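To start, the structure itself, in structure tokens.
The values are calculated or read from the model by the stated rules, or taken from the named source; none is laboratory data. Here the structure is a predicted model, which means the values were calculated and not measured. Here the Cβ is made from the backbone with ideal geometry for all residues, glycine too, and neighbour counts use every protein chain on show.
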Amino acid sequence: MPSSSQPVPSPIAIDGPAASGKTTVGRALAREFGFGFLDTGAMYRAFTVAAIEAGIPASDTPACEALASQLVMTTEVSLDTRILLDGTDVTARLRDDDVESSVSEYSAITGVRTAMVARQRELAAAGQVILAGRDIGTVVLPDAPVKIFLTASPEERAKRRGAQSEASGGPGSVDKAHQDISGRDETDSKREVSPLKPAADALVLDSTALSEAEVLQKARDLIVSRAEFAAAAAGTPDTATKTGGPRAAAASGWMAKLVSPFYWGTQYPIRLILFLVTRWSVSRDGEIPPEGPMIVVANHLNFVDPPILGTALGRPRRVRFMAKAELFRGPVGLLVKLYGAFPVRRFDADVAAMLTAERILRQGGALGMFPEGTRSRDGQMARPHPGTALIALRSGATVVPCALTGTERIKGVRVFLRRPAIAVRIGEPIPVERVKRPTEAQVSQLTDAIDGAIRALLPAAYGGTYTGSSGSSRQ
Ligand code: DC
């Protein structure tokens, strides 16, 4: 939980398809934090009730838009969103079959959405709130500091909706729920205005295999990280790696003081070891920026890749690598920490790791990432995750693409007999312009650029397109 010195950030946006658990999670968090809760779906449902009662079909767009702009809708921001139309409470009517089957069509009308979005923004501005819906993170509150996109497989959502209906005395048919849900998914995600999709900076939580308690815990973790991020941005000392439950941590306290001397102190011993047990070479196609935020990205073949890359890059840039949390245990963990690495649990989804990365870059540091998220088993480079591009765009960090070949052969004690050829190719840096809120298109464009730049340095055997001789300038 965020402590009293770290207020819970507001507003919180929760989006997701029908029956993904938005309302359950949103209400539970609102109860816990003492926030208001607004189920925006209820507003579209209330509009649908008004239109049905006025005899206006969804096909009559102008009449629907006129109704939306005149409608006197009073929405209570509370755990059980209550809605009045012209003073009459219609809450009990919102889940009726006729509303259920036509709400998607009415909510796809531009003028209806404009009117609802304006009301939702007003309600969100009135206090600390959680809004649940389909377009909260993307359209209604694009600046929300916390965005969660909940999903689950259609089968799982139908099962939950069927059980809910049975519990409340309804027919409880999973098949019917499945049909309704598939229909609504289709209309909600294919409509032209504000289609259902996660915001580029949302935490996407697939709850298919998670319990309610697990989903809630992940949502809390995100909120804690965001509170810490806000505190750090406001000048409070770094807390991002200190809280958030038991987790692997980067070097801290006295150990942090040893990181820089250890990093530079290892350069010559690593060179010596590489010289003795391998035939290694480094080539440079471009100049590495001597200062400013920079992300070194490479394909990943062996757990020894970070020190090899760090050594190949050499002075003046000390690179902080993101490394998987399991490596931070025992004696190896001590070396990993001393090398200045910091832990990541799940690439793209570990918010605390992403925040640590952004903090390092904000301070003008150099970050090392393996955008595939894990080591390649067959040597072929996999498609990079979008997390690297997202961080690069948000911090305006120059991306330095690198390619590693042969490091997969560094294994076993007899490696010195084989002396495998290993090569590090350092590519032309990619300048990146800072974007406060990158769009999905920008993230995917930079992800493609990173993918292409690494592959251009790799030979075909590693999934690359490079055809020159591998490696020059022997070390
Ligand atoms: O969350 P719900 O099932 O009560 O939503 C009912 C409908 O309202 C849903 O099919 C899509 C629409 N809706 C929307 O378009 N935008 C929102 N922010 C919330 C709901």
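Does Y268 satisfy the criteria of being in contact (Cβ under 8 Å) with a residue 12 or more places away in the chain and over 26 Å from the mean Cα position of the chain (by Cα)?
Against the criterion (in contact (Cβ under 8 Å) with a residue 12 or more places away in the chain and over 26 Å from the mean Cα position of the chain (by Cα)), Y268 does not qualify.
So for region 99-112 (the condition being under 27 Å from the mean Cα position of the chain (by Cα), modelled with pLDDT of 95 or more and near the ligand (Cβ under 10 Å from one of its atoms)), does at least one residue qualify?
no
Can you list residue pairs whose Cβ atoms sit under 7 Å apart, with the first residue in region 105-123 being outside the structural domain of A51 (by TED's automatic domain parsing) and of a type in the set (V, I, T) and the second being modelled with pLDDT under 95 and near the ligand (Cβ under 9 Å from one of its atoms)? Count only pairs 6 or more apart in sequence or on different chains.
none
Out of V90, V117, V99, V140, which single residue is over 29 Å from F33 (Cβ atoms) and among the hydrophobic types (A, V, I, L, M, F, W, C)?
From the options V90, V117, V99, V140, the qualifying one is V99.
Which of the residues that make up region 81-109 are in a helix (DSSP H, G or I) and surrounded by 15 or more Cβ atoms within 10 Å (Cβ to Cβ)?
Listed by number, the residues that qualify are T91, R93, V99, E100, S102, V103, S104, E105, Y106.
Regarding region 18-33, can at least one residue be identified that is away from the ligand (no atom under 13 Å from the Cβ), within 24 Å of the chain's Cα centre (by Cα) and either acidic (D, E) or not in a helix (DSSP H, G or I) (or both)?
yes
Rundown of residues vs (1) at pLDDT 95 or above; (2) crowded, with 18+ Cβ neighbours inside 10 Å, yes/no style:
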| residue | (1), (2) |
| --- | --- |
| L29 | no, yes |
| G34 | no, no |
| A42 | yes, yes |
| F47 | yes, yes |
| E53 | yes, no |
| C64 | yes, yes |
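With the structure loaded, tell me whether L38 is part of a strand (DSSP E or B) and under 15 Å from K147 (Cα atoms) or whether it fails that test.
Here the answer is yes, as L38 does meet what is asked.
Listed residues D175, D201; which is touching a strand residue (DSSP E or B) at 6+ places or on another chain (Cβ under 9 Å), more than 12 Å from the ligand (Cβ to nearest atom), among the acidic types (D, E) and over 21 Å from R27 (Cα atoms)?
D201
Taking the stated definitions as given, is V129 in contact (Cβ under 8 Å) with a residue 60 or more places away in the chain, away from the ligand (no atom under 16 Å from the Cβ) and within 22 Å of the chain's Cα centre (by Cα)?
Considered against the rule, which asks whether it is in contact (Cβ under 8 Å) with a residue 60 or more places away in the chain, away from the ligand (no atom under 16 Å from the Cβ) and within 22 Å of the chain's Cα centre (by Cα), V129 comes out as no.
Residues that are assigned by TED's automatic domain parsing to the domain that holds V297 and under 26 Å from K197 (Cα atoms), at least 1 per element: which helices (runs of 4 or more DSSP H) completely within region 348-459 meet that?
351-362, 387-395, 440-455
Would you confirm whether or not region 130-139 contains a residue that is surrounded by fewer than 21 Cβ atoms within 10 Å (Cβ to Cβ), in the same structural domain as D188 (by TED's automatic domain parsing), modelled with pLDDT of 90 or more and of a type in the set (A, V, I, L, M)?
yes
Is one or more of the residues making up region 249-265 part of a loop (DSSP other than H, G, I, E, B) and either closer than 25 Å to L417 by Cβ or among the basic types (K, R) (or both)?
Within region 249-265 (the criterion being part of a loop (DSSP other than H, G, I, E, B) and either closer than 25 Å to L417 by Cβ or among the basic types (K, R) (or both)), the answer is no, since none of the residues qualifies.
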